[in-house]
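Okay, structure first, notes after.
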Amino acid sequence: MSDSAGQMGDVKLNVRARVIGNDEVAVLCRSFNVMTEALVTANETLERRVEARTQELAASHTQLEARNTELSRSNRDLAEFASVASHDLLEPPRKIQAVGGRLGVRYSGQLDERGQDYIRRMQHSATRMRTLIEDLLTFSRIQSQAQPFAEVDLNQTVQTVLSDFDLRLQATHGQIECDELPTIQADAFQMYQLFQNLIGNALKYAKDDVPPVIRITNLSDSQELVVQVKDNGIGFAAHHSDRIFGIFQRLH
């Protein structure tokens with residue numbers, strides 16, 4: 001039995017102890033053999049489960065590859081749609097603006113205040129339509145044209161955005177307070193869009209006669225990367241938080 005136990009220690013489960021006689025040692029040997037048989041059965045069951053699980057994973061991998069292929073095709077279709085839409089959908093509001101502008105210039109002396117107001121409204125609606133279409137196209141490109149992740153220095157990203165808003169900051173006497181930010185793995189253009197929207201909205205929705213102050217804080221730790229953007233603008237009610245980040249949603 002000692003020799004058999006040693007072989008089991010070497011992960012040999014097909015060993016059995018020799019049973020001699022009917023004394024206590026023989027009883028112990030029989031119990032030992034029962035235990036080894038149970039281990040063999042358990043091992044065979046485990047091997048069958050591992051094999052089944054391996055087959056399931058292989059099938060899941062095949063399904064995942066098929067889904068990735070379908071997703072790639074869908075992204076290509078979306079990119080093609082964005083390319084077509086950028087021309088076809090934007091052309092009507094362009095023409096409305098062009099014709100409206102000509103009407104306003106050519107017939108300004110013949111139109112009363114109401115007629116001129118109609119033209120202004122038409123121009124304003126065409127501008128809103130163009131903005132909406134351009135925003136939808138930008139939204140569609142976020143996933144369909146995402147770039148492979150690379151190192152992005154968020155400090156440089158924020159400085160680029162601030163240079164774009166330089167004139168507006170001067171006009172509003174705005175202040176930007178920014179911590180030292182980390183370098184992350186990301187899509188550089190998407191990070192630029194993110195900070196451009198956050199800072200742009202903070203400047204757009206500032207309080208009347210109150211210079212905007214925007215604070216960018218690095219709250220990251222060893223477990224999580226967190227960057228907080230806070231401003232002193234008009235804000236919005238907390239119960240609107242789900243709506244304000246949804247597409248086609250607008251708040252007063």
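Of the residues in the stretch 195-216, at least one is under 12 Å from Leu154 (Cβ atoms), assigned to a strand (DSSP E or B) and at pLDDT 95 or above. Residues that are of a type in the set (A, V, I, L, M, F, W, C) and surrounded by 13 or more Cβ atoms within 10 Å (Cβ to Cβ) within the stretch 226-251 comprise Val227, Val229, Phe236, listed in sequence order. Checked against (1) surrounded by 14 or more Cβ atoms within 10 Å (Cβ to Cβ); (2) in a helix (DSSP H, G or I), Arg49 passes all but a single condition, namely (1). Within the stretch 108-129, the presence of at least one residue that is under 30 Å from Ser74 (Cβ atoms), within 45 Å of the chain's Cα centre (by Cα) and charged (D, E, K, R) is confirmed. Give me the pairs: first residue in the stretch 228-252 and hydrophobic (A, V, I, L, M, F, W, C), second residue modelled with pLDDT under 75, beta-carbon distance under 7 Å, and six or more apart or on different chains, which are they? Pairs that qualify, where the first residue is hydrophobic (A, V, I, L, M, F, W, C) and the partner is modelled with pLDDT under 75, are Phe236/Leu251; Ile244/Leu251; Ile247/Phe139. Go through the residues of the stretch 198-207 one by one and say whether even a single one is buried (at least 17 other Cβ atoms within 10 Å of the Cβ), free of Cβ contacts under 8 Å to residues at least 60 places away in the same chain and among the aromatic types (Phe, Trp, Tyr). Within the stretch 198-207 (the criterion being buried (at least 17 other Cβ atoms within 10 Å of the Cβ), free of Cβ contacts under 8 Å to residues at least 60 places away in the same chain and among the aromatic types (Phe, Trp, Tyr)), the answer is no, since none of the residues qualifies.
The values are calculated or read from the model by the stated rules, or taken from the named source; none is laboratory data. The structure displayed is predicted, hence computed values, not measured ones. A quick note on method: Cβ atoms are made from the backbone with ideal geometry, for glycine too, and the neighbour counts reach across all protein chains shown.
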